[in-house]
Amino acid sequence: MYPDLTLKEAVSHGTPKNPLMALHFTTGPGTLCPRRIFVERHWHPDMEIILVRKGAYLCELNLETFRLEKDDMVFINSEELHQLTSLGSNTIHDVILFSPDILDFSYPDEWQEQWIRPFLNHDLAFTHILRPDHPAYPQCRDLFCQILSKALAMEEGWYICCKLLLLQLFVLAAQRGLLLSAVQQLPVAGQSRISRYKTIISYMEAHFHEPVTLKNLADAVPCNPQYLCRFFKELAGVSPIQYLISYRIERACGLLANTSLPILGISMDCGFDNVSYFIRKFKEIKGCTPKEFRDKVKNSPMTAAAQNMR
C-alpha cells in the first residue's frame with residue numbers, strides 16, 4: 001500500500017447540532033494500534049487540535065513535516081492537508097475536532113468583523129505548532145483539557161460549555177499572537193501547489209470507477225500531462241496512475257469487507273475492466289488475493305466482535 005493514499009475525509013465530526021467531538025488514541029500491546037498510528041494525508045472542513053501526551057510523532061502540515069514530542073500541541077486549520085505518524089508504539093495523543101462555524105456570530109460586532117469573520121474566510125489561521133516553552137502554552141493546554149474532558153463525558157450541557165471554552169481559546173490566540181495571516185502560514189505559491197494537488201485527488205476520487213487518463217487529470221488542473229506527472233510524483237512519491245490504482249484497490253477493500261458482491265463485480269465497480277489485472281494488482285499492493293483478503297476480514301477477531309455488538 002502506498003503511504004500517501006490521500007482522501008478528502010468524508011467522516012462527520014460530531015452532529016449537525018453539536019459539531020464537535022473529542023478522541024483519545026493509544027498505541028501499544030492490547031490496543032487497536034499495537035505497532036503505530038498512521039493517519040494518511042487528508043483534509044477536512046473541520047479544525048483539529050492535537051495534544052501529544054506520550055511518545056513522538058511526525059506531523060505533515062501542508063506538505064511540511066514537523067517532529068512532535070510529549071506535550072506539544074498542533075493546530076490544524078480547516079481544509080489544511082495533514083498526516084500523522086507515531087514513531088513506534090507506546091504513544092498517546094488526544095484530539096478535538098470542531099466546525100469553525102460554531103465560532104460565528106450573527107451580529108457584526110467588533111470581534112466578529114476583526115477576528116472571527118477573517119478566520120472563517122481563511123484570511124487568518126492558527127499557528128501550527130505550540131510547544132511548552134511558549135508563554136501562552138499553559139492557558140491553551142488548560143482550555144484544551146477542559147474541552148476534551150467535557151466532550152468525552154458528554155454530560156448535560158457539555159456542548160455549550162465546550163463552545164464557550166473554544167471562544168476563550170480563540171480570544172487567547174488573538175491576544176497572544178497565535179492567529180496569523182494565511183499568507184504568513186502558507187505563501188500564495190504554496191497555496192497554489194496544494195490547490196492543484198487537491199484538484200487532482202478530488203478528480204480521481206470522483207471518477208475512479210471510470211476510465212481515467214493522464215489527459216483527464218491534466219485537463220482538470222489544467223496543465224500538460226508531462227508537468228502533471230512531475231508535479232504529482234514530487235508531492236505524492238508515486239505517479240498519478242500508481243496512485244489511482246492504489247486508491248481503487250482501497251475502495252475494493254471496502255467492498256470486499258462490507259459486501260457480498262462477486263469479485264468480478266467489485267473489479268468493474270472500482271474501475272478495472274480486466275479482472276485478472278485487478279487480482280494481480282491487488283496482490284502486489286495487499287500481499288494477498290481479493291478472495292484471501294475477504295476471508296481474512298471475515299475471520300478476524302475485530303469483525304466477530306463488531307457482529308456481536310449488533
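The values are calculated or read from the model by the stated rules, or taken from the named source; none is laboratory data. Note that the structure is predicted; figures quoted are calculated from it, not measured. With ideal geometry, Cβ positions are generated from the backbone for all residues, glycine too; neighbour counts draw on all protein chains shown.
Being among the β-branched types (Val, Ile, Thr), touching a residue at least 40 places away in the same chain (Cβ under 8 Å) and closer than 29 Å to residue 41 by Cα, is that true of even one residue in the range 187-194? There is at least one residue in the range 187-194 that is among the β-branched types (Val, Ile, Thr), touching a residue at least 40 places away in the same chain (Cβ under 8 Å) and closer than 29 Å to residue 41 by Cα.
Of the residues examined, residue 198 is one that is within 20 Å of residue 120 (Cβ to Cβ), basic (Lys, Arg), assigned by TED's automatic domain parsing to the domain that holds residue 250 and surrounded by fewer than 18 Cβ atoms within 10 Å (Cβ to Cβ). Can you name the residue in the range 84-114 that is assigned to a helix (DSSP H, G or I) and of a type outside the set (A, V, I, L, M) and is also farthest from residue 177 (Cα to Cα) among such residues? Looking at residues that are assigned to a helix (DSSP H, G or I) and of a type outside the set (A, V, I, L, M), I get 101.
Do you know which residues across the range 131-166 are within 24 Å of the chain's Cα centre (by Cα), of a type in the set (Gly, Ala, Ser) and closer than 25 Å to residue 80 by Cα? Listed by number, the list holds a single entry, 151.
Is it the case, given these coordinates, that residue 128 is of a type outside the set (Asp, Glu), at positive phi and either in the same structural domain as residue 94 (by TED's automatic domain parsing) or within 24 Å of the chain's Cα centre (by Cα) (or both)?
no
Looking only at the range 271-291, which residues are hydroxyl-bearing (Ser, Thr, Tyr) and either within 19 Å of residue 212 (Cβ to Cβ) or in contact (Cβ under 8 Å) with a residue 12 or more places away in the chain (or both)? Working first, answer last.
As a first pass, look at the range 271-291 and keep what is hydroxyl-bearing (Ser, Thr, Tyr): 276-277, 289.
277, the sole residue that qualifies.
Screening residue 199 against (1) in contact (Cβ under 8 Å) with a residue 24 or more places away in the chain; (2) part of a helix (DSSP H, G or I) leaves a single unmet condition, (1). When the residues of the range 247-269 are filtered to those that are under 13 Å from residue 293 (Cβ atoms) and among the hydrophobic types (A, V, I, L, M, F, W, C), the one that is surrounded by the most Cβ atoms within 10 Å (Cβ to Cβ) is 252.
Listed by position, the helices (runs of 4 or more DSSP H) enclosed by the range 115-177 include none that has at least 1 residues that are touching a His at 6+ places or on another chain (Cβ under 6 Å), closer than 19 Å to residue 45 by Cβ and in contact (Cβ under 8 Å) with a residue 12 or more places away in the chain.
Evaluating residue 6 against the criteria (1) out of contact with any Lys or Arg (no Cβ under 8 Å at 6 or more places or on another chain); (2) at pLDDT below 85; (3) closer than 24 Å to residue 198 by Cβ; (4) not small (Gly, Ala, Ser) leaves one unmet condition, (1).
If you scan the range 53-68, which residues turn out to be buried (at least 21 other Cβ atoms within 10 Å of the Cβ) and either assigned to a strand (DSSP E or B) or basic (Lys, Arg) (or both)? Across the range 53-68, the qualifying residues are 57, 59, 68. Residue count for the range 235-270 under the criterion of being in a loop (DSSP other than H, G, I, E, B), out of contact with any Leu (no Cβ under 8 Å at 6 or more places or on another chain) and in contact (Cβ under 8 Å) with a residue 12 or more places away in the chain: the result is 2.
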